[in-house]
Amino acid sequence: MWASPKRSHSYNTSYRTGTVHTPSPIANAGGTIFNRTEQGYQLTSRPKYKGVLGVDVEYETWNFTLNNALFGPATFVNADLPDSDKPADDPKRDSYVRLVFDPKVVSDLVVSYKFNETISVSVAANNILNVFPHYKLENIPAGKTEQGLRNDVDFNGRYQYTSYDGAHIGINVTTLSTNVNVNF
C-alpha cells in the first residue's frame, strides 16, 4: 500500500495596458466599445486563484483518489446592472454595483479496481458535497434593492446559483460516472 499526496495552485492577475479608444461616432453618441461589462469578462470573471489538494492511495488492485479544488473569488459586471455601460476606465468604477462569487471548495472521488493487466473499472463522483456557486451584490445604489438586481441578473430566479453571464465553478450537482478500461 502506498499513498501519494499531490497539490497544485495558480494565481491569476489580469490587467489592461493602454487605453481602449472608442471611435468618434460611437463616443459622440454617448457609447463606448469597452465598458465595465467587457472589462469584467476579460479581467475579473475568472477565479483570482485556484488550488488543488489531493491524495492517491493504492492498495493491491484498488486505487482511491480524492481531490479538493479551491476556486477563489470572481467578479462580474453583468450588462443589466446599473452603470455597467460606463467606460472601463471610469474613475468611479470601484463604487459601482458588481456581482462577486464567493470562494468554494469542490471535492471529487474516484475508486478504481484493476482486474488484470488488461481490464480495470473505475467509479467517479464529482462534486461529492453538492457545492453550488454563491454570489453577493456589492455597492447596491440608492433606490435599488438587492432582490430587484438579482432578478435582473438571474432572470427572476431561473438561474439562482449563477448569473446569465456565468459563474466561477460549474453548477452541476453531484455527478457519477463509471468507466471500463480495456488495454490492448
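Observations
- For chymotrypsin sites (Phe, Trp or Tyr not before Pro), the sites in the range 1-96 that DSSP calls loop and that have at most 16 other Cβ atoms within 10 Å are 15, 34.
- Segment residue 49-residue 180, extension gain: residue separation times 0.36 nm, minus the distance between their alpha carbons: 43.8 nm
- The chain: calculated mean residue ellipticity at 222 nm from DSSP helix runs of at least 4, using -39500 (n - 2.57): -3000 deg cm²/dmol
- Overall Cα dimensions of the range 1-81 - principal axes, largest extent first, Å: 72, 26, 18
- For residue 5, net neighbour charge (Lys/Arg +1, Asp/Glu -1) across residues whose Cβ lies under 15 Å away: 0
- Charge dipole (Cα centre; +1 on Lys/Arg Cβ, -1 on Asp/Glu Cβ; no other charges) of the chain amounts to roughly 280 debye.
- GluC sites (Glu not before Pro), loop per DSSP, at most 10 other Cβ atoms within 10 Å - longest free stretch of the chain: 118-184
- Taking all Cα pairs closer than 8 Å and separated by 6 or more residues, the relative contact order of the chain comes to 20 percent.
- The ranking of 134, 9 by Cβ neighbour count inside 10 Å, starting from the fewest, reads 9, 134.
- Among the listed pairs 48/114; 48/92; 86/144; 86/136; 6/114, those beyond 27 Å (Cα-Cα): 48/114
- Debye-sum result for the range 2-182 in log10 I(q)/I(0), which assumes one identical scatterer on each alpha carbon, at q = 0.09, 0.11, 0.14, 0.18 Å⁻¹: -0.47, -0.64, -0.86, -1.15
- Estimated D of the range 40-113 in µm² per second, where Rh is the Kirkwood radius over Cα pairs and Stokes-Einstein applies at 20 °C, 1.002 mPa s: 141 µm²/s
- Averaging Cα coordinates gives a centre for the range 46-122 and one for the range 124-156; these two points are 17 Å apart.
Computed from the coordinates by the stated procedures, all read-outs in this text should not be read as laboratory data. Being a predicted model, the structure only gives us computed values, none of them experimental. Please note: Cβ atoms are built from the backbone with ideal geometry, for glycine as well, and neighbour counts cover all protein chains shown.
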